[in-house]
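This report refers to the structure that appears directly beneath it.
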Amino acid sequence: MKHFPSCLALVLALISGNAVAQSVPTQPVETKNTVVKKPFMVLLTNGATYKLSETAIKEINPDWINEVQVVKEMEGGENLSEEFKDGIVILTFKKNVEAADRYAERVAQQNEKVTIPVPAAIRIKE
């Protein structure tokens, strides 16, 4: 019975709405030193590379992906265009996956075909 008054006070606080719940911020906290890098994303299909938008990337099923190649740094990086400065991510899909083939066809029709400045020492596989 000695805990009854404190339990009663807690129940009354909850009922009256005077209890304050601790919340976790939903927005990420940014610091002054945060640097967001966005690599240039491309899909390599049928011997051509196509730029992928953020929207297009979200539609990719991970099960379609055969290989991901990342070019992080390139010699003479200061001579590259701004869009390649954070590196390049090259996606290739598995062969004979119907949904992936349809997606690749749509990307080829709707997205910009690009030439990526990959050093000769890196072999791009398809």
Taking the conditions exactly as written (surrounded by 14 or more Cβ atoms within 10 Å (Cβ to Cβ) and either at pLDDT 90 or above or touching a Lys or Arg at 6+ places or on another chain (Cβ under 7 Å) (or both)), does Gly87 satisfy them or not? yes
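Does Ala56 meet the test of being surrounded by fewer than 15 Cβ atoms within 10 Å (Cβ to Cβ), hydrophobic (A, V, I, L, M, F, W, C) and at pLDDT below 90? Full working, then the answer.
Details: surrounded by fewer than 15 Cβ atoms within 10 Å (Cβ to Cβ): no; hydrophobic (A, V, I, L, M, F, W, C): yes; at pLDDT below 90: yes.
Here the answer is no, as Ala56 does not meet what is asked.
Could you pull out the residue among Asn61, Asn111 that is surrounded by 10 or more Cβ atoms within 10 Å (Cβ to Cβ) and modelled with pLDDT under 90?
After applying the criteria, what remains is Asn111.
The values are calculated or read from the model by the stated rules, or taken from the named source; none is laboratory data. Fair warning: this is a prediction, and the values are worked out from it, not measured in the lab. FYI the Cβ positions are ideal-geometry reconstructions off the backbone, even for glycines, and counts take in every protein chain you see.
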